[in-house]
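The values are calculated or read from the model by the stated rules, or taken from the named source; none is laboratory data. Nothing here was measured: the structure is a model prediction, and the numbers come from that model. Using ideal geometry, Cβ is built from the backbone for each residue, glycine included, and neighbour counts are taken over all protein chains shown. Side chains included, ligands, DNA and RNA excluded: accessible areas come from the protein's heavy atoms. Shrake-Rupley method; radii C 1.70, N 1.55, O 1.52, S 1.80 Å.
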Amino acid sequence: MKHKNLTIGGRELRSRFFLGTGRYPNPYIQNEVIRVSEADVLTFAIRRVNLEAPGEDAILQHLEEDRKFTYLPNTSGASNADEAVRIARLAKASGLSDWIKVEISANEKTLLPDPLETLKATETLVKEGFTVLPYTSDDPVLCKRLEEAGAAAVMPGGSPIGTGLGILNPYNLGLIVEDAEVPIIVDAGLGSAMDVTQAMELGADGVLMNTPVAKAKDPVKMAGAMKMAIDAGRLSYEAGRIPKKKYATASSGLPSFVSY
Amino acid sequence: MKLTVNGEEHDITARNVSEVVAHFNLEPKLVVAEVDGQILDRADWEDAAVKDGSKIELVQFIGGG
């Protein structure tokens with residue numbers, strides 16, 4: 001079966017699985033998850049170096065260097081556009097990537113994105129030449145506005161970060177996908193393979209996950225499940241499901257009935 | 001010389017950003033430096049003089065979604 005690869009910002013990706021790198025039990029499991037997931041895009045956060053124990057939190061030293069990845073740093077920790085822009089510039093100065101996931105949370109309890117600040121940061125960073133992938137609310141109009149601001153892909157949340165509540169508003173996600181002219185990546189809130197398949201069947205171009213894999217009982221096994229769910233959902237979307245009907249239709253036509 | 005590094009005051013002998021990073025035994029290619037609000041490319045560290053009272057931020061990539 002021929003698969004069409006996802007392209008974002010002119011870059012063709014090997015996979016529709018965007019994988020977060022936080023909260024794994026240890027670096028060995030993390031590397032196994034990365035391998036099994038076959039993810040191309042890996043996300044990171046930016047924080048101050050702990051000067052007492054500099055190696056402790058650093059992530060890049062743990063990654064296997066024989067594979068090439070697309071690095072997607074995020075602006076987590078930012079609560080407004082200015083902070084997000086500063087973090088984005090720091091990330092770019094690393095020389096690793098000019099991709100940036102704009103993530104601006106104004107509420108500690110829900111970590112829901114601040115839509116106005118997200119749009120503002122997206123506008124600024126696009127002008128500065130970043131490949132911008134904003135994490136945002138699942139609002140169709142807002143997603144369109146981010147696309148118009150020059151986002152390379154738009155990443156609506158299924159539900160709040162780390163909740164595993166799945167896709168709370170599949171209707172909205174369907175509208176977002178239908179109207180989008182840039183890739184739509186469902187980011188945040190997914191809990192299991194079922195949620196992932198649903199996102200892909202609704203037409204999402206990819207999914208971004210961290211907690212549901214890292215905190216699963218067996219993260220490596222879950223990485224495999226999520227990968228297959230992405231493939232299954234995508235194929236199902238491309239194949240085109242049957243419409244839902246109220247009453248039954250026999251699989252074999254009536255003329256073939258033999259018993260009277 | 002007194003420098004504020006990541007919000008803490010440190011007494012360090014260093015002429016430029018490269019030497020500050022070396023002072024803390026950091027792996028240069030994992031670190032991004034900002035001096036007095038100015039983000040620096042790694043190639044410019046040697047030429048970026050630090051002075052008494054400079055505010056330096058040293059950041060790195062950590063795990064995240």
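Brief remarks follow.
- For the protein assembly as shown, the solvent-accessible area of protein heavy atoms averages 51 Å² per residue (probe radius 1.4 Å; ligands and nucleic acids excluded).
- Over 26 Å between alpha carbons, listed pairs A:LYS4/A:LYS215; A:LYS92/B:LYS55; A:LYS215/B:LYS29; A:LYS127/A:LYS227: A:LYS4/A:LYS215; A:LYS215/B:LYS29; A:LYS127/A:LYS227
- Percent RCO, i.e. relative contact order, over chain A, from Cα pairs under 8 Å lying at least 6 residues apart: 17
- Protein heavy-atom accessible area occluded, A/B pair - total, 1.4 Å probe, Å²: 2500
- Cα-based radius of gyration of the range B:2-60 once divided by 2.2 N^0.38 Å, which approximates compact folds: 0.96
- Placing R0 at 45 angstrom, the Cβ-Cβ distance between B:ASP41 and A:ARG241 gives a FRET efficiency of 0.35 after rounding to 0.05.
- Assigned charges on the beta-carbon of Lys, Arg, Asp, Glu; the range B:2-60 dipole about Cα centre (debye): 40
- For the protein assembly as shown, the Cα gyration tensor yields ellipsoid semi-axes of 43, 21, 16 Å (square root of five times each eigenvalue, largest first, whole Å).
- Put simply, the amide H of A:ASP187, placed in the peptide plane, has neighbours under 5 Å in A:GLY157, A:GLY158, A:LEU208, leaving out anything fewer than 5 places away on its chain.
- Theoretical ellipticity at 222 nm over the protein assembly as shown - DSSP helices of four or more residues, -39500 (n - 2.57) apiece, nearest 500: -9000 deg cm²/dmol
- Chain B: trypsin sites (Lys or Arg not before Pro) falling in loop per DSSP and having at most 14 other Cβ within 10 Å: B:ARG15, B:LYS51
- Taking every residue in B:24-30 and counting other chain Cβ atoms within 10 Å of its Cβ, the average works out to 5.
- Average Cα contact separation per residue, the range B:2-60, under 8 Å, 6 or more apart, as relative contact order %: 46
- Of all beta bridges that DSSP places with both ends in the protein assembly as shown, some 50 percent have antiparallel geometry.
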